[in-house]
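Heads up: the structure comes next, in structure tokens.
The values are calculated or read from the model by the stated rules, or taken from the named source; none is laboratory data. Source: prediction; values computed, not measured. Because the Cβ atoms are built from the backbone with ideal geometry, glycine has one as well, and the counts that use them run over all protein chains shown. For accessibility, only protein heavy atoms count, side chains too; no ligands or nucleic acids. Shrake-Rupley method; radii C 1.70, N 1.55, O 1.52, S 1.80 Å.
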Number of protein chains: 4
Amino acid sequence: MNPIARMIETHPATPFVDAGALAECIAACLECAGTCTSCADACLSEDSVADLRSCITSNLNCADVCAATARILTRIGTAKTPNVVAMLEACRTACADCATECEAHAGHHEHCRVCAEACRRCEEACARLLAALG
Amino acid sequence: MNPIARMIETHPATPFVDAGALAECIAACLECAGTCTSCADACLSEDSVADLRSCITSNLNCADVCAATARILTRIGTAKTPNVVAMLEACRTACADCATECEAHAGHHEHCRVCAEACRRCEEACARLLAALG
Amino acid sequence: MNPIARMIETHPATPFVDAGALAECIAACLECAGTCTSCADACLSEDSVADLRSCITSNLNCADVCAATARILTRIGTAKTPNVVAMLEACRTACADCATECEAHAGHHEHCRVCAEACRRCEEACARLLAALG
Amino acid sequence: MNPIARMIETHPATPFVDAGALAECIAACLECAGTCTSCADACLSEDSVADLRSCITSNLNCADVCAATARILTRIGTAKTPNVVAMLEACRTACADCATECEAHAGHHEHCRVCAEACRRCEEACARLLAALG
């Protein structure tokens, strides 16, 4: 079991949503924050950096939104549902934007392909949590 | 002129929204992130910490959302408007929640009063920017 | 292979240190940032919150340092070795402090036990990277 | 009085160091995090982006370290002095590196000149706090 799932399991409060879906979304946010930070740096190192400006910006934005979303989702002791929902919407939007940018470069840059996959996984995990929160 | 306004002024790109309103909102987000981090720590130090759990959580959430929002607003080189709008909505929501929590304790704790004011300023700055992006 | 390792592998630049040790340290930082954010929230939810103030502060500090360290380690395109070394020292210090705090409560709170393990893993990964950087 | 100074003044705990120097350092960290995030975006927008890679990386690193340092300095309820000292060292190192990078471009890019000034102010504020902590 990954450490985030174990942390939720051992938390004194009951999560505001299915614990498995929550752990999966937090893990997807942390992973996506990591791959986006790396993809921004890899794009900056490419010879074609001038063509990758928009991709780099999407990467940096997505890393920041995912990192903040992971933290907010993790705070299950006192549920702040409107806050969680608005943040999940912002995260889904940032992940969709970054996935689209990276997919456009996936044929030339393998790091964009790997990053786009992480963005799509996180976008879907946010969508599932939003659906569960109704 | 504050440094953020000077940075926007010297940036090679034209901002996606009125430069003055943008600089004001970024400054409000940075200030609110700072006061919320401090208010969480101050509440944690109070004898009545057990009654301040929900306030501390709101403070921590608001600090994270404001910090991420400041960064996304700052990236004017390539406008990602849907991303900016969703993040401003999340920030306005987090600031409103944290202001309400802190206002409930403002009579007993001066740090909550100061923090609530910063939250309301940031909430209003986000609302103004959302209206301008409308 | 985890996504961070794949990102390093597909990056156009050669890492400033052994790629495997680097990927392991970044993953340990992200994991520790996640468990510390959760442990702070779990401690805040405990009946004995007043006895856990110092632990909560260590958790919050450690989460912030680990998140920043993960980002700095990830930027391999232009090596900033003195910066990396100073940050690894700060991260090792924060992880050691948080592990010691959490270990003191591990008998009563399973979340502190899980979190302490993540802190020790991250502390060791930072120490290994510092040793490799000589 | 700026809001950070008012928050420290209204905090139930006594700061671990002179309150004025502490408030000044936190404000300098927040300002530097803001200008560095902006300078990275401005550099990325320049025609000469390929020559500014190292500067952009220094900007991104410095923004992350300054943001984390501001948070750790703000948590005065339970002093974690070794943690604070190590983080101030990392912040001083990151600010010095970023100032040097930005100063090299200050003749061509006004945003680098403004950012270098913020980095030097933050570097000096960290050095003063380190000296005070002995």
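Some values worked out for this structure:
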read-out	value
Complete set of residues in the stretch D:29-39 that are small (Gly, Ala, Ser) and either more than 7 Å from chain B (Cβ to nearest Cβ) or not in a helix (DSSP H, G or I) (or both)	D:33
Qualifying residue in the stretch C:38-54 (condition: under 28 Å from residue A:19 (Cβ atoms), in contact with a helix residue (DSSP H, G or I) (Cβ under 7 Å, 6 or more places away or on another chain), open to solvent by less than 20 Å² (accessible area, probe 1.4 Å) and without any contact (Cβ under 8 Å) to a residue 12 or more places away in the chain)	yes
For residue D:47: the one exception among (1) among the charged types (D, E, K, R); (2) facing another protein chain (nearest Cβ under 7 Å); (3) out of contact with any Gly (no Cβ under 9 Å at 6 or more places or on another chain)	(2)
Any hit, the stretch C:79-99, residues being more than 25 Å from residue B:57 (Cα to Cα), open to solvent by less than 10 Å² (accessible area, probe 1.4 Å) and not hydrophobic (A, V, I, L, M, F, W, C)	yes
Subset of the stretch A:69-87 (residues that are more than 13 Å from residue B:97 (Cα to Cα) and of a type in the set (Lys, Arg))	A:71, A:75
Residue check, residue C:34 more than 30 Å from residue B:58 (Cα to Cα) and under 19 Å from the mean Cα position of the chain (by Cα)	no
Counted residues, the stretch C:1-37 - those being of a type in the set (Val, Ile, Thr), open to solvent by less than 20 Å² (accessible area, probe 1.4 Å) and without any contact (Cβ under 8 Å) to a residue 60 or more places away in the chain	2
Within the stretch C:7-28, considering residues that are in a helix (DSSP H, G or I) and more than 9 Å from every other protein chain (Cβ to nearest Cβ), the one farthest from residue A:3 (Cα to Cα)	C:19
Unmet criterion (only one of (1) surrounded by fewer than 21 Cβ atoms within 10 Å (Cβ to Cβ); (2) within 11 Å of chain B (Cβ to nearest Cβ)) for residue D:109	(1)
Residue under evaluation residue C:42, criteria (1) under 30 Å from residue A:113 (Cβ atoms); (2) of a type in the set (Gly, Ala, Ser); (3) in a helix (DSSP H, G or I), criterion not met	(1)
Test: residue in the stretch C:9-30 that is of a type in the set (Ser, Thr, Tyr) and touching a helix residue (DSSP H, G or I) at 6+ places or on another chain (Cβ under 9 Å)	yes
Count of the stretch B:56-77 residues which are facing chain D (nearest Cβ under 10 Å), touching a residue at least 12 places away in the same chain (Cβ under 8 Å) and more than 15 Å from residue C:64 (Cβ to Cβ)	6
Residue check for residue C:40: touching a Leu at 6+ places or on another chain (Cβ under 6 Å) and closer than 16 Å to residue C:110 by Cα	yes
Enumeration of residues in the stretch A:78-91 that are more than 7 Å from every other protein chain (Cβ to nearest Cβ) and under 15 Å from residue B:91 (Cα atoms)	A:81, A:84, A:85, A:88, A:91
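Per-residue answers, yes or no, for (1) under 30 Å from residue C:76 (Cβ atoms); (2) in contact with a His (Cβ under 7 Å, 6 or more places away or on another chain):
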residue	(1), (2)
D:16	no, no
D:27	no, no
D:36	yes, no
D:39	yes, yes
D:66	yes, no
D:74	no, no
